[in-house]
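The values are calculated or read from the model by the stated rules, or taken from the named source; none is laboratory data. Please read all numbers here as calculations on a predicted model, not as lab measurements. Methodologically, a virtual Cβ is constructed for each residue, glycine included, from the backbone with ideal geometry; neighbour enumeration extends over all protein chains shown. Surface accessibility is based on the protein's heavy atoms, side chains included, excluding ligands, DNA and RNA. Shrake-Rupley method; radii C 1.70, N 1.55, O 1.52, S 1.80 Å.
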Amino acid sequence: QVQLVESGGGLVQAGGSLKLSCAASGRPFSLYAMGWFRQGPGKEREFVAAISKSGSSTDYADSVKGRFTISKDNAKNMVYLQMNSLKPEDTAVYYCAADRLSPLNTVARRYNSWGQGTQVTVSS
């Protein structure tokens, strides 16, 4: 298993930006495809973005395409989520997740390692 720790959340005004980071430890990071998910108040956990093991392929939820960018640095064991043009509906706890088996994964139940989450609040 890989251990994951998110950071970078906070309070931001609508239209602003935040960059989330996820630090991994315990296993060679290049073996893992990574994803970001979020869970808003009273909502189910939903897919946000995913990146392949090498970092060469990405996928995004329609709601964040063009605004969010996922990236992966295998040398530093880090994955990032750059969030621009934030909206109040982006308010949620954001989680990073790791998947050893899939090349690129958008499905939460297939991920086997999760971080503790970081709160993002966007005010209107």
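Structure above, values below:
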| read-out | value |
| --- | --- |
| Proximal lysine pairs, the chain, alpha carbons under 18 Å, eight or more residues apart or interchain | 8 |
| Surface share of carbon and sulfur [accessible, 1.4 angstrom probe, percent] for segment 57-106 | 47 percent |
| For the chain, size of Cβ-based charge dipole, Lys and Arg +1, Asp and Glu -1, in debye | 240 debye |
| Cleavage-rule hits, trypsin sites (Lys or Arg not before Pro), segment 1-43, DSSP coil, Cβ neighbours within 10 Å at most 16 | K43 |
| Positive-end residue of S102, M78, L20, charge dipole of segment 1-102 with Cβ unit charges | M78 |
| Residues of the chain: accessible area per residue with a 1.4 Å probe, Å² | 49 Å² |
| Largest to smallest principal axis extent of the C-alpha atoms in the chain, angstrom | 40, 27, 23 |
| Among A92, A61, A50, residue whose mean-square fluctuation peaks in a GNM of the chain (springs only between Cα atoms under 10 Å) | A61 |
| Segment 1-61: GluC sites (Glu not before Pro) in DSSP coil with no more than 11 other Cβ atoms inside 10 Å | E44 |
| Computed over the chain: relative contact order in percent, which uses C-alpha pairs under 8 Å that are six or more apart | 36 percent |
| In nm, spacing of pseudo-spin labels at K65 and A108 (7 Å Cα→C-beta vector) | 2.2 nm |
| Whole-angstrom gap from segment 49-67 to segment 86-124, using each part's C-alpha centre | 12 Å |
